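Worksheet: the structure to be examined is printed underneath.
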Amino acid sequence: MNPFMDELGRRVLLCDGAMGTMLYSGGVFVNRSFEELNLTEPDRVTSIHRAYLEAGADVIETNTFGANALKLRGFGLHDQLRRVNQAGVDLAREVAGDRAYVAGAIGPLGVMIEPHGRTSLTDAEYYFREHAEALSEAGVDLFILETFRAVNELQIAVRVLRATCDLPIVAQMTIVDNGGSPDGVEPENFVQQLVDEGVDLVGVNCGTGSASMLETVGRLAAVTDLPLVAQPNAGMPREVEGRTMYLSSPVYFASYARRFVGLGVRLVGGCCGTTPEHIQEVKAAISCGT
């Protein structure tokens, strides 16, 4: 396969969709560590990866979003960090083969970092470095930093990755209804801060559905020439008979993917609520000419 950034320059690439949604719909309770399944139920994880690959995904994210020491400690698994991340990469690689890139998924630490919280900058850097090194050593092709709610935390993660390896970095903020980040930073500001940190792709994921995310992507495109990424939810979550559901249909979701690409998005995928059916429709949409 061509290096990831070279291939991205040739064509729009398609990332996979939600892992947590698929695990939950398959009967895994939310009070479990989804990342532990890399060790205890690997076939369940690979079946989801395989479904996304067959749907047309060019990038498969590892099941490691919360595989940092802080989150794993909550499940008594902090001493298994390297095993969990290694297994996550191995499972994704087993499925991806030479048909897709393997992206090391890294999410926020789940704590407030100084000056807004008690976790020190030094400690935050340590936790991100430990996570990043485990994924890098396991052999990922790129990193996807996603669903960050505070710009300063995402900046810390990017700096650590830049000091750890030279792999491509995809950096994504989650957004609220006004298009800004949950910590109150406007898109035009947080994109510049991330560009200054040296990311390779910048964009948004999670938070809102496709319609409101489209406006934010337009604002990003107006202020940067960097390749953009968009991974919206399948609409906003709704309570239906006691269950949390995402009601955006695959066809509707794919119609917005075309519009994202029209604004300059080079990597498009899905977040919460999306399934292989959503990704399959997006594949058809971006393959038909956008």
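For region 8-35, the tally of residues that are touching a Phe, Trp or Tyr at 6+ places or on another chain (Cβ under 7 Å) and free of Cβ contacts under 8 Å to residues at least 24 places away in the same chain stands at 2.
Being polar (S, T, N, Q), touching a helix residue (DSSP H, G or I) at 6+ places or on another chain (Cβ under 6 Å) and under 30 Å from residue 120 (Cβ atoms) is a property that holds for residue 63. Among the residues of this structure, residue 147 does not count as one that is at pLDDT below 95, surrounded by fewer than 23 Cβ atoms within 10 Å (Cβ to Cβ) and polar (S, T, N, Q). The condition of being within 15 Å of the chain's Cα centre (by Cα) and surrounded by 17 or more Cβ atoms within 10 Å (Cβ to Cβ) holds for only one of 87, 51, 18, that being 18. List pairs: first in region 196-223 and without any contact (Cβ under 8 Å) to a residue 40 or more places away in the chain, second in a helix (DSSP H, G or I) and surrounded by fewer than 22 Cβ atoms within 10 Å (Cβ to Cβ), Cβ under 7 Å, 6+ apart or cross-chain? Cβ pairs passing all conditions: 202/195; 223/188; 223/192.
When region 213-271 is filtered for residues that are surrounded by fewer than 19 Cβ atoms within 10 Å (Cβ to Cβ), modelled with pLDDT under 90 and not aromatic (Phe, Trp, Tyr), the ones remaining, listed by number, are 236, 237, 238, 239, 240, 241, 242, 243, 244, 245, 247, 249.
Does residue 67 satisfy being crowded, with 18+ Cβ neighbours inside 10 Å and either under 17 Å from the mean Cα position of the chain (by Cα) or at positive phi (or both)? So residue 67 passes the test. In region 279-290, what residues are more than 16 Å from the chain's Cα centre (by Cα) and closer than 15 Å to residue 232 by Cβ? Hits for region 279-290 are 281, 282, 285, 286.
For region 260-277, a residue qualifies if it is over 16 Å from residue 208 (Cα atoms) and in a helix (DSSP H, G or I), and the qualifying residues are 261, 262, 276, 277.
Would it be correct to say that residue 158 is buried (at least 20 other Cβ atoms within 10 Å of the Cβ) and over 20 Å from residue 56 (Cα atoms)? Spelling it out, residue 158 is indeed buried (at least 20 other Cβ atoms within 10 Å of the Cβ) and over 20 Å from residue 56 (Cα atoms). Here is the figure for region 115-147: residues that are touching a residue at least 12 places away in the same chain (Cβ under 8 Å), outside any helix (DSSP H, G or I) and farther than 19 Å from residue 85 by Cβ total 1.
The values are calculated or read from the model by the stated rules, or taken from the named source; none is laboratory data. The shown structure was predicted, so the numbers you read here are calculated from the model rather than taken from an experiment. A quick note on method: Cβ atoms are made from the backbone with ideal geometry, for glycine too, and the neighbour counts reach across all protein chains shown.
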